[in-house]
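The values are calculated or read from the model by the stated rules, or taken from the named source; none is laboratory data. Remember, predicted model here, so these are calculated numbers, not experimental data. All accessible areas refer to the heavy atoms of the entire protein, side chains included, with ligands and DNA or RNA removed. Shrake-Rupley method; radii C 1.70, N 1.55, O 1.52, S 1.80 Å.
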Amino acid sequence: METRSVKRKKKKKKEEEANWFSVEEIIKVDRISNLPDSLIHQILLLLPLKSAAQTSLLSKRWRSLFLSLPDLDFTSINDLKNPKSISSNSIYKVLSLRNHRDFNNLRSLRFRAPITFTSLNSLIRLAVTHQVQDLDIEVTTKDYFNFPRWIVTSQDLRALKLRSSHPGFRLPPSSSILGGFQKLTSLSLSLVILHNHQPCLSDFFTDPSFPLLEKLNLESCFGLKELKVSCRLLQEFSLKNSLQLEGLEVSGNKLQKLKVESCFHSYSEKSFVKINTPNLRTFLWNSNAVTTSVHFLDKLVCLRKAFVKVFWLHQDLNSQTQSLFTLLSGLCNSYKLQLGNQSVEILSSKKGLLKNHLLPFHNMRFLELQTRFSRHNVQTLSCLFKSCPMLNILTLKIINDQTSERRQWDKDLWNMSNSEIQYWESQTYELEAFLNHLEFVEIHGFLECENEMSLAIFLLRHGKALIKMTLRSSFLCRDSLRRQMIRSQLTGFSMASSKAKISFH
């Protein structure tokens, strides 16, 4: 008769044998290979391309799976220390192996490589043969090269990103692209060389050439003097680093986002901007020189966000102030506005129009101003506040540099005879609507100097809707006792009037 311990040992042995056989069964069955091609493709696309290529050695089916991958990203092979390590020959070899009717399903192709124009043209021709839809290329060549003609003739291309690291490429004549790019929806070009032979692109980006274009990005267009963009389906347009630009005209009923950055850096008495985009929602005008004229051919009634940071190239402040005033007036329907430092400085000039004309920012809810906050622009800030009667959020970013005239706050912090405070007090009636709606104030670079202290006290005393004021200092104050005194008395102003919470950082 078997004892209980013997029975337990036999039972345990049977379980171990059963587990052993189940493991062997799992090892023998290749479950991954039984998955459908589409699912295996999704798995391979999660791997770097080099690892995906190694699976082609497993069997004929896996070789077929790799060669039929819809997306080829050769940038995943680039060495971090040498981003140009992949050769054009390697890319050409992989594309050549796909030369079969079943493998003409190339959805996207990305690569970064040093290359000759002949090799580039051959690669693009091969990619077009495989019906590529999304082409993302960054190349370095020994000399300027012409825009590859095979791109123009592609009937399958949906998105194109062509970037030259050095030295650049030339665009084809507008007449040669008619009938091409019929399905292109996204286009990004970088380091375009235009110079003497083609300084103006007035009939290039139009409906006949780009009937379905929705996104357009142009960067570093050297020699470009005038540009006109008028594609009826365009929704986003970005232009960057076109330093020689003198004239820009943009039109489109569906355009929602316009971004122009680092342009108009060459002085011209006839520089101009014309904008006809009634459904624009985002306007970013960053680090551009003030142009001689600005024209809005239609009101931007849908505008939600605007950013303006400009600078002047010459001393004719009269025309520049007028131009900037016209630009800001065209943005009057914006919900949010951010103004860079020189924008405030230009408006603060002796010929500034703001002193006599207010900007109609009746929809403005958020205003961010970057300023040196010196004495000569206090009136400009007051006029900007009057222009925003419905403002809820105010952010001031004070620039602290050696050129700023900043006086320390008087020791007698309760002295209401201070000229700065007296000026703000004199504006109370005209700023009544502004003070009745302002809820949040944030001041960056707060050094407890006369200008910002006077404004802070004024807003705390008269801000009827004020909920919170945040004061952010740009450095640690050595006189901690003085700072504590200032903080406690600012808190006293708040407790005595607006009841707003004060936060110091």
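Only protein heavy atoms count here; on that basis, with a 1.4 Å probe, Ser96 has an accessible area of about 40 Å². Heavy atoms of the protein chains alone define the surface here; on that basis region 124-254 has 41 Å² accessible area per residue at 1.4 Å probe size.
With every protein chain in place and a 1.4 angstrom probe, the accessible-area ranking of Met390, Met364, largest first, reads Met390, Met364. Arg107 sits with roughly 110 Å² accessible to a 1.4 Å probe, with DNA, RNA and ligands left out of the calculation.
From the Cα gyration tensor of region 191-325, with a ≥ b ≥ c the square roots of its eigenvalues, which class applies: rounded if a/c is under 1.5, or else prolate if a/b is larger than b/c, or else oblate? Oblate, since a/c reaches 1.5 and b/c is not below a/b. Legend: residue pairs Lys240/Lys397; Lys225/Lys274; Lys225/Lys336; Lys183/Lys299; Lys259/Lys336, Cα-Cα distance threshold 22 Å; pairs beyond threshold, Lys240/Lys397; Lys225/Lys336; Lys183/Lys299. Multiplying the residue separation of Val301 and Ile467 by 0.36 nm and removing their Cα-Cα distance gives an extension gain of 56.8 nm.
Within the full protein context, the accessible area of Asp207 is estimated at about 50 Å² for a probe radius of 1.4 Å.
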